[in-house]
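This report concerns only the one structure given below.
The values are calculated or read from the model by the stated rules, or taken from the named source; none is laboratory data. Everything quoted here is computed from the prediction, not taken from an experiment. Positions of Cβ are backbone-derived with ideal geometry, glycine not excepted, and every protein chain shown enters the neighbour counts.
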Amino acid sequence: MKKMKIISTVLIAAFVFILSACGTSKTTGGSSDDKTLKVVTDAAYAPFEYLDKGKVVGFDVDFMNAVAKEAGLKIKIENVGWDPLFVELDKKTADIGMSAITINDERKQSYDFTRPYFLSTNKILVPKDSDIKSGADLKNNKTIAVQNATTGQEAVEGLLGKNNEKIKKFENNNLAIQEMKSGGADAVVADNTVIEQYVLNNPKDNFVVIEDSTAFAQEFYGLMLPKGSKLKADLDKAINTLMENGEYAKIYKKWFKVDPDLSKLPKE
Ligand code: ARG
C-alpha cells in the first residue's frame, strides 16, 4: 500500500512537471511571451518618428504598434537617438530598431532585418534660389549637411569622396536642416519623404527638393534586429498579414494621404 502511494505520488509529480514544462516551452516560443520588447528609435525624422508633446509619433510608430499587436508582442518605444540605436542592438540591450532604417549590405553583416516595408531614396534639399540642380552639382565646392552614419552621408561620400571636409555630419537630421537654414550649408541630403514633408510644412523657409535618380539609388526600410534574433519570423509574418489585410494601407494612407504601391516592395 505504502509502495502504491509513493508510486502514485511520483507519477503525479512527473505529470505536473510535464505539464509545467509544456507551459514554459509555449511562453518561450515568442508570441505569448510576456516580456516587453524594447524598441529603440531616433525621433527626429518626421513623418516616420518624431516628438509631439514629448510623445514619439509617426508612420513607423503606428506601423510598429500594428505589427506588435498582430504578432502578440508587447513593446515599449524609447527615443535613444540614431548612433545609440545601433550600439543598443550591438549589445542586445534593445530588441528592435525602428527608425526609417535602410536595409543595406553593410548593415546586414551586423544586424538582421525584417522584410522591407517602405520604399525610399535620398534627395537634395536646397534653398529655392540655389544653383544646385543635380547630384553632380554638389561637387562644385558645395557644403553639404547630412545626418551622421546614414545612407545620405554614404551617398554624398560617393559623390565627393570619403572624409571630404565639405560634408558636415550631424547627430540628427533636424540639426542638418538647421545648419542650412542658418547659412552653414548649401544643401542637405536625406530621405525623400522626410525632406518633402519638411518643405510642405515650412513654406516660409523657401526650400525645394531636387531629385536625381542617377545619383541616388532606391532604398527600402526594414525593422532592424540584433543578429540571430528569434523575432524575425514572427515580425515578418505579422507584416505580411498587415499588407494583405489592408491594415498597412490604412496606416500608410493616414500619413501619406495616398494608397501604398505594394508591388514596389520586394518580399525579402
Ligand atoms: N534611411 C536612412 C538610413 O537608414 C536614414 C534614416 C534616419 N532615420 C532616423 N530616424 N534618423 O541611413
| request: All but one of (1) part of a loop (DSSP other than H, G, I, E, B); (2) under 14 Å from the mean Cα position of the chain (by Cα) hold for Ser134, so report the exception by its number. | output: (2)
| said: So for region 125-140 (the condition being under 16 Å from Trp82 (Cβ atoms) and either surrounded by fewer than 19 Cβ atoms within 10 Å (Cβ to Cβ) or more than 12 Å from the ligand (Cβ to nearest atom) (or both)), does at least one residue qualify? | reply: no
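Yes or no, residue by residue, for (1) over 26 Å from Leu51 (Cβ atoms); (2) among the hydrophobic types (A, V, I, L, M, F, W, C); (3) in contact with a helix residue (DSSP H, G or I) (Cβ under 9 Å, 6 or more places away or on another chain):
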residue: Glu106; (1), (2), (3): yes, no, yes
residue: Asp112; (1), (2), (3): yes, no, yes
residue: Ile124; (1), (2), (3): no, yes, yes
residue: Ser134; (1), (2), (3): yes, no, no
residue: Leu159; (1), (2), (3): yes, yes, yes
residue: Asn163; (1), (2), (3): yes, no, yes
| said: Restricting to region 176-224, give me the number of residues that are within 16 Å of the ligand (Cβ to nearest atom), surrounded by fewer than 20 Cβ atoms within 10 Å (Cβ to Cβ), touching a residue at least 60 places away in the same chain (Cβ under 8 Å) and assigned to a helix (DSSP H, G or I). | reply: 3
| note | Listed by first then second residue, the pairs whose first member lies in region 100-112 and is touching a residue at least 24 places away in the same chain (Cβ under 8 Å), whose partner is in a helix (DSSP H, G or I) and buried (at least 21 other Cβ atoms within 10 Å of the Cβ), with beta carbons under 7 Å and at least 6 positions apart or on separate chains, are Ala100/Asp60; Thr102/Thr151; Asn104/Thr151; Tyr111/Leu89
| note | Result of the Cβ filter at 6 Å on region 115-140, keeping first residues that are closer than 14 Å to Glu157 by Cα and partners that are within 12 Å of the ligand (Cβ to nearest atom) and modelled with pLDDT under 95, at least 6 apart or interchain, is none
| task | Collect the residues in region 141-175 that are more than 14 Å from the ligand (Cβ to nearest atom) and under 17 Å from the mean Cα position of the chain (by Cα), keeping them in residue-number order. | result | none
